1. Among the residues of the range 72-106, which ones are modelled with pLDDT of 90 or more, in a loop (DSSP other than H, G, I, E, B) and open to solvent by less than 80 Å² (accessible area, probe 1.4 Å)?
2. Does at least one position in the range 62-73 carry a residue that is touching a Ser or Thr at 6+ places or on another chain (Cβ under 6 Å) and in contact (Cβ under 8 Å) with a residue 24 or more places away in the chain?
3. Could you tell me which numbered condition residue 55 fails, if it satisfies all but one of (1) hydrophobic (A, V, I, L, M, F, W, C); (2) at pLDDT 95 or above; (3) open to solvent by 40 Å² or more (accessible area, probe 1.4 Å)?
4. Contact list please: Cβ distance under 7 Å, first residue in the range 77-92 and of a type in the set (Lys, Arg), second residue loosely packed, with under 14 Cβ neighbours inside 10 Å and in a loop (DSSP other than H, G, I, E, B), pairs at least six apart or on different chains.
5. From 17, 35, 54, grab the single residue that is over 12 Å from the mean Cα position of the chain (by Cα) and within 19 Å of residue 96 (Cα to Cα).
6. Considering only the range 1-52, give the strands (runs of 3 or more DSSP E) lying wholly within it that have at least 2 residues that are under 30 Å from residue 68 (Cα atoms) and open to solvent by less than 70 Å² (accessible area, probe 1.4 Å).
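The values are calculated or read from the model by the stated rules, or taken from the named source; none is laboratory data. Since the model is a prediction, treat every value here as computed from it, not as a measurement. Methodologically, a virtual Cβ is constructed for each residue, glycine included, from the backbone with ideal geometry; neighbour enumeration extends over all protein chains shown. Ligands, DNA and RNA are excluded from the accessible area calculation, which covers all protein heavy atoms including side chains. Shrake-Rupley method; radii C 1.70, N 1.55, O 1.52, S 1.80 Å.
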Amino acid sequence: MSSAKIDHIAVKSSNIDKSIFWYCENLDAELLYKDSTWAMIKCGEIKIALVKGDLHPPHIAFRVDSESDFPCKHSEIKEHRDKSRYHYGKDPDGNSIEWVLYISSE
């Protein structure tokens, strides 16, 4: 497997707008994306996804270099709205882990 790098950390939010405001006011975060079910912010060099727990699991996401780096069968790889490919799994303690591959438009 290639060396995976942390892409983002997803934390549960009961109110996306309220969470965005708090992170922007208290940690000088930058809003990267927002819809009704989640948002992506950036604090320094770290991206944080604010997720509604009933729609997206809180997790740590690792960026991989190719589909061969996913720890699953090819048929288990799914696609996000932005065309990135992903797979959710669990670590030995049951924490959700996402492997994500961004497809370049080249």
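1. Matches in the range 72-106: 72, 77, 84, 91, 94.
2. Checked the range 62-73: at least one residue is touching a Ser or Thr at 6+ places or on another chain (Cβ under 6 Å) and in contact (Cβ under 8 Å) with a residue 24 or more places away in the chain.
3. (2)
4. What qualifies is 83/103; 85/103.
5. Residue meeting the stated conditions: 54.
6. On the way: elements: 5-12, 30-34, 38-43, 46-51.
Where strands (runs of 3 or more DSSP E) fall fully within the range 1-52 and carry at least 2 residues being under 30 Å from residue 68 (Cα atoms) and open to solvent by less than 70 Å² (accessible area, probe 1.4 Å), they are 5-12, 38-43, 46-51.
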